[in-house]
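Below is one structure, written out as structure tokens; comments come after it.
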Amino acid sequence: MGLTEQIARYREGSGDPASLVGEFRRTALLVPLTTADGDEDASPPGDAAGGLMAAVSGGIRWLYAFTEEEALVRFAQARGEGGRDWPYLAMLGARLMDAVVPESDGPTGVAVNVADGDGAMLFPPVAGIVPDAFAVDLRQDADNDRGAVA
């Protein structure tokens, strides 16, 4: 079963979270790159063109990723930018989480197929999805432990 099927099952209430994350990690995703003409939802200010395209919401940087070119095209069309070239990298979800997230500046998750409504899924920066050192839920627990009085 592919990632889009896992997402559908999870959203219907019959999917298994561990299976969904496992399939995400095994899936080759298309990750659009920022361009020199400036993407409004691009990497943080100061990042060069050619970085991974992302949006910031709720203090979390969400990297865009797509399961197929058609999903990327729907995203481009939803933004009113279907007529331009959309350079992208293909990389495993595991590489996004294990190599890209640790290099990001601040909490970072992945938004998959964001233009697909019920077919979209967010993979937030929490334990079990990103490396523990970058999981916001574990970081809060660690901060609370340091402030505790024995």
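Tally time: how many residues in the stretch 52-83 are surrounded by fewer than 14 Cβ atoms within 10 Å (Cβ to Cβ) and either touching a strand residue (DSSP E or B) at 6+ places or on another chain (Cβ under 8 Å) or touching a residue at least 40 places away in the same chain (Cβ under 8 Å) (or both)?
Total satisfying the criteria: 2.
Would you pick out the residues in the stretch 93-135 that are free of Cβ contacts under 8 Å to residues at least 40 places away in the same chain, over 13 Å from PHE24 (Cβ atoms) and not in a loop (DSSP other than H, G, I, E, B)?
Of everything in the stretch 93-135, those that are free of Cβ contacts under 8 Å to residues at least 40 places away in the same chain, over 13 Å from PHE24 (Cβ atoms) and not in a loop (DSSP other than H, G, I, E, B) turn out to be ALA99, PRO102, GLU103, GLY117, ALA127, ASP132, ALA133, PHE134.
Every read-out reported here was derived from the displayed coordinates using simple, explicitly stated rules and does not represent laboratory data. Only a predicted model underlies this, so the values are computations on that prediction, with no experimental measurement involved. Counting neighbours? That spans all protein chains shown, and the Cβs are built from the backbone with ideal geometry, glycine included.
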